[in-house]
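Remarks on the structure that follows.
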Amino acid sequence: MTKEELKSYLEKTFPGMTQEENIDFLVLWVEKDEIFEVARKLKEDEATRFDFLFDETAIDWQTHFEMVYHMTSTTYRHDLEIKVKLEDRDHAELPSMEPLWKAAEMYENEIYDLFGIRFSGHPHLRRIFMSNEWKGYPLRKDYQDDDVISL
Amino acid sequence: MDVNKNTEPFPGEIYEDETGNTNFLVSSIDKLSNWARSNSLWPLTFGTSCCAIEMMSAASAKYDWSRFGFEVARATPRQADLIIVAGTITKKMAPVLKRLYNQMPEPKYVIAMGACTITGGPFFYNSYTVVKGVDNIIPVDVYIPGCPPRPEALLEGMMKLQEKIRHSRAYVIDKPKKEENDD
Amino acid sequence: MGSVSILLLMFCGFAFAALAIGLGNKLSIKRYNPEKGEAYECGMETQGTTWVQFHVGYYLFALVFLLFDVEIAFLYPWAVVFKEIGMVAFIEIVFFVLVLFLGLLYAHKKKALSWM
Amino acid sequence: METNDIKHDEFVINVGPQHPSTHGVLRLELWLDGEEIIDSKPHLGYIHRGIEKMSEALGYKQFIYLTSRMDYLSAHINNQACSLAIEKGLQIEAPARAQVIRVLMAELTRLASHQLWWGALGLDLGAVSPFFYAFREREMILEIFEETCGSRLTMNYITPGGVVNDLHPDFVRKVKVLIEQLKGNLHEYYQLLTGNVIFQARTRGVGILSAEDAVSLGCTGPVARASGVKCDVRKLHPYDGYDKVEFKEVLNDKGDNFARYWLRIEEMKQSIYIIEQLIDNIPEGSYREKLKGIVKLPAGEYYQRVETARGELGVYLVSDGKKEPYRVRFRTPNFSNLNALRPMMKGAKIGDMVSMMATLDLIIPDIDR
């Protein structure tokens, strides 16, 4: 369905959540503890059927983290972006999306490895890029490393 | 950390020769074995990133490194005489490269192909994992600049290595042992 | 005269092999380092033990192969002298191969040849 | 007694960083029962250079050169993705001539990448001669790239606003010669590999990936299209004039190794068809929209999807108005295509693992970034 129909559908099913619009996607802001329910509903609901999570990443805004999910439906071809605000930077914790989309397993491994956000319910959370005894999370803005030569 | 504050020496200290530079007293036996070694250097198939594709182009029919005896690319270090380090080496890959180098039989040579292996190349600044230069890990014989270097540059580097082998002492190991102060 | 040439052939074969390995060992430059002796596994340390119980199919397959390999070894000398002996040799060898063929059928029935 | 009910233990093998079949430095930890694979776990990071962290310290026009070192077999298409994302931010459009040149370069890159994949596939399955046949045409394409863009592999030719310089005078003639020769040689590809019985035995019915699995695992590109999932970004979200070009999105529903192999060969034909349509009517005019030195994107986020030779590459730029991007995220196709390896390999033999990885066509620096 088109963006307007999707927008009205989201207002109807998730009244409390704020919606935004950027150049590409419709953005839906979701609370941390509701994200799993919202995602499951969007995936299994006949009207939306978001079965393809093509991107999941995190952004470090220095005061808080921001989780970004991009998903689309291979049947209806409409896209949606879901954002979650994580206030607590040191113990960021979030339910894992792996039960809904198996692609999320490696995405979340990467986010944990580079940002330090933990995912509850993840089958095997581990550092995939950094070696296990690596200290710190490189993609955080306050990451200090004396080997890095910068201009 | 800024470049100008970087007081301690450049992390990639180059290996000094144990016996000074390779002297030129080459006896006839050395000449014979050097002739044999330099004309059949078997490289190890070791490509980490883009330079590996240019190495494959050098192995293909157009540039054809088998004219110089390099054709047989062995997959195991046990049968290889030469490691062509083609591509970026990161801190997680460094011990693996060190181990592969140690597992090679003795007359072994190293070609550092590409800017990443000489100084970290395009990933010198702001990269937290790239090893700035392969000579921090293993002693290198020939450096080939370029990102990626053309197949002809690789062939020229190999010819330089063959020249170096022809002028070296065949039965003296001129690469110092560097096991004790390995980080 | 026959036996001398065979002895000479065996001696030359043995000498050639010993020379190649011996010179290679004597002349080569050696330098020991701790990792050189370890098993090569794509640049990583090996994990877990290799002393594990394998599937028995491998062992049976190897045995059946060995059996028929030896059979071929017997056919060689027979083939060399086959012309002089004529028909009698042919009947003997047919009987020999037939017996081994029964062995093959037995191995097949006992599923020794079925890969996992 | 039955031969296969006797207890046998597991055995761990590292198909490690330095292995001919991993096409790079991917380490697969395999739990084996004799020859059968019980489970596998990929270990990455051996070529992780932190490109996303580096891009946060480079200007908008500067971080593009890093992307051609991620998936170096689709260097043009990666640069095209970043340029389009930046152009979306600046609300500008590349001139018509630049768009056609970009599509031509992208399709030539796809051809060269599929040829190298085809050569490497032959090498992995034990046939050495396809490698030399594949590099014959690939060298011609690289020669064309070198004349126009200056370098063979990491071209940095497509920049925000268009392309760096105009086409080489005999670009059109050389591409036509290449197209004629390639169309003539495709039957050789069939004779060398496709008709070969051993090749068929090792790829038909091996490494089955169902459509639901492909979508749930996030696979895109030839890997997903071979399982019947329509996911060609050039069709779904056309960019740079792909909607004006007529070509077929090749699909296959069997989802095994041979389907992926057949699909890539068909895709080469589609790329040739696209090039033929465009090569004769490259519009005149300027090849670049002049941009000022320091490019500053207005605060906000921009996502650009592009179809590389291996799948859907997504460039996600978050900018806070400064001259460097605040966060750059590359949704790379190989990162998700790697997920498909684990379910496919359960219960397969080690020899099948090699043919599966060859048809998945993984580029490891694209996974690690």
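All of the numbers you see were taken from the coordinates with simple rules; none came from a lab. Bear in mind that the values here come from a model prediction, so they are computed numbers and not experimental data. Note that we place each Cβ from the backbone using ideal geometry, even for glycine, and neighbour counts take in every protein chain shown.
If Lys and Arg each add +1 and Asp and Glu each add -1, what is the summed charge of the other residues whose beta carbon sits under 13 Å from the beta carbon of C:G43? Before the final figure, lay out the partial values.
Values: positive: B:R78, B:K92, B:K98, B:R99, D:R27; negative: C:E35, C:E38, C:E41, C:E45.
Net charge around C:G43: +1.
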Checklist outcome for this item: Simple spin-label estimate for C:I72/D:E188, 7 Å along Cα→Cβ, in nm, reads 3.6 nm
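Distance cut-off 30 Å, Cα to Cα: go down the list B:K92/D:K292; D:K174/D:K269; A:K32/D:K254; D:K88/D:K230 and report the pairs above it.
Listed pairs above 30 Å: B:K92/D:K292; A:K32/D:K254.
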Item to check | Amide H contacts under 5 Å for D:A348, placed H, 5+ residues apart | outcome: D:I37
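A:R40 to A:M1: FRET efficiency via 1/(1 + (r/R0)^6), r the Cβ-Cβ distance, R0 30 Å, to the nearest 0.05? Walk me through the numbers before you get to the answer.
Values: r = 20 Å, r/R0 = 0.65.
Using R0 = 30 Å, I get an efficiency of 0.95.
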Next on the checklist: Rounded to whole Å, give me the distance from the Cα center of the range B:118-162 to that of the range B:63-94.
Outcome noted: 13 Å
Checklist entry - Roughly how tilted is helix A:35-44, in degrees to the nearest 10 and between 0 and 90, from the longest Cα axis of chain A? => result 50 degrees
Checklist entry - Distance in nm between label sites at C:E38 and D:E36, each 7 Å beyond Cα in the beta-carbon direction? => result 3.2 nm
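Sort A:M1, B:M104, C:M10, D:M140 so that the residue with the fewest other Cβ atoms within 10 Å of its own Cβ comes first and the one with the most comes last.
On the way: A:M1 14, B:M104 23, C:M10 10, D:M140 20.
Ordered from fewest to most neighbouring Cβ atoms within 10 Å, A:M1, B:M104, C:M10, D:M140 come out as C:M10, A:M1, D:M140, B:M104.
Mean separation of Cα pairs under 8 Å and 6+ residues apart, divided by the residue count of chain D: what relative contact order is that in percent?
Numbers: 702 pairs, mean separation 94.6, N = 369.
Relative contact order for chain D comes out at 26 percent.
Excluding the sites themselves, what is the longest stretch of chain C that contains no GluC sites (Glu not before Pro) in a DSSP loop with at most 14 other C-beta atoms within 10 Å?
Working: sites that count: C:E38, C:E45.
In short, C:46-116.
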Item to check | Cα-based helix-to-principal-axis angle, D:96-124 vs chain D, degrees rounded to 10 | outcome: 20 degrees
Item to check | Inter-part distance where the range D:225-259 and the range D:70-133 are each reduced to a Cα centre, Å | outcome: 16 Å
Checklist entry - Among C:F54, D:L123, B:S60, whose Cα sits farthest toward the positive end of the charge dipole of the protein assembly as shown (+1 at Cβ of Lys/Arg, -1 at Cβ of Asp/Glu, about the Cα centre)? => result B:S60
Checklist entry - Given D:S355, D:Y273, D:P42, which one lies farthest toward the positive end of the charge dipole of chain D, if we put +1 on the Cβ of every Lys and Arg and -1 on the Cβ of every Asp and Glu? => result D:Y273
Checklist entry - At what distance in nm do the modelled label points of A:S8 and C:Y59 sit from each other, each positioned 7 Å from its Cα along Cα→Cβ? => result 7.5 nm
Next on the checklist: Would the protein assembly as shown count as rounded, prolate or oblate if I go by the C-alpha gyration tensor, calling it rounded below 1.5 in a/c and otherwise prolate when a/b exceeds b/c, oblate otherwise?
Outcome noted: prolate
Item to check | Filtered trypsin sites (Lys or Arg not before Pro), the range C:1-77: DSSP coil and at most 13 other beta carbons within 10 Å | outcome: C:K30, C:R31
Next on the checklist: Along the charge dipole of the protein assembly as shown, pointing to its positive end and built from +1/-1 on Cβ of Lys, Arg, Asp and Glu, which listed residue (A:A58, D:S113, D:N185) has its Cα farthest out?
Outcome noted: D:N185
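What is the magnitude of the charge dipole of the protein assembly as shown about its Cα centre, with +1 placed on the Cβ of each Lys and Arg, -1 on the Cβ of each Asp and Glu, and no other charges, expressed in debye to the nearest 20? Please report the intermediate quantities before stating the final value.
Values: 93 positive and 113 negative charges, 354 e Å.
Charge dipole of the protein assembly as shown: 1700 debye, to the nearest 20.
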Next on the checklist: Can you give me the C-alpha center-to-center distance between the range D:305-349 and the range C:1-57, rounded to a whole angstrom?
Outcome noted: 47 Å
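Loop only by DSSP, 14 or fewer other Cβ within 10 Å of the Cβ. Give me the trypsin sites (Lys or Arg not before Pro) in the range D:310-357 that pass, ordered by residue number. Provide the component values of the computation, followed by the final result.
Working: sites: D:R310, D:K322, D:K323, D:R327, D:R329, D:R331, D:K346, D:K349; in loops: D:R310, D:K322, D:K323, D:K346.
Loop-located and lightly packed - D:K322, D:K346.
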Item to check | DSSP-assigned coil residues among trypsin sites (Lys or Arg not before Pro) in the range D:68-157, each with at most 10 further Cβ atoms within 10 Å | outcome: none
Checklist entry - For the range D:65-188, with only Lys/Arg (+1) and Asp/Glu (-1) charged at the beta-carbon, what is the dipole magnitude about the Cα centre, in debye rounded to 20? => result 120 debye
Next on the checklist: Test of understanding: extend the Cα→C-beta vector of D:H168 to 7 Å, then name every residue of the range B:49-66 with backbone N under 17 Å from that spot.
Outcome noted: B:62-63
Checklist outcome for this item: Which of B:K62/D:K183; B:K98/D:K322; D:K176/D:K235; A:K7/A:K85; C:K36/D:K41 exceed 31 Å between C-alpha atoms? The answer is B:K98/D:K322
Checklist outcome for this item: Per the C-alpha gyration tensor (a ≥ b ≥ c, the square roots of its eigenvalues), the range A:3-120 is rounded if a/c is under 1.5, else prolate if a/b beats b/c, else oblate; here it's prolate
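Which of rounded, prolate or oblate describes chain C when judged by the alpha-carbon gyration tensor and an a/c cut-off of 1.5? Show your work: numbers first, answer last.
Working: a/c = 5.76, a/b = 1.27, b/c = 4.53.
Oblate, because a/c is 1.5 or more while a/b does not exceed b/c.
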Next on the checklist: Taking the 0 to 90 degree range and rounding to the nearest ten, how far is the long axis of helix A:104-115 tilted relative to the main principal axis of chain A, both from C-alpha atoms?
Outcome noted: 40 degrees
Item to check | Ranked list, fewest to most other Cβ atoms within 10 Å of each Cβ, for D:E143, D:E87 | outcome: D:E143, D:E87
Checklist entry - What ranking do C:L19, A:L28 get, fewest neighbouring Cβ atoms within 10 angstrom at the top? => result C:L19, A:L28
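Where the only charges are on Cβ atoms (+1 Lys, Arg; -1 Asp, Glu), what is the dipole of the range A:3-120 about its Cα centre, to the nearest 20 debye? Present the calculation step by step, with values, prior to reporting the outcome.
Working: 14 positive and 29 negative charges, 60 e Å.
With Lys and Arg at +1 and Asp and Glu at -1, about 280 debye.
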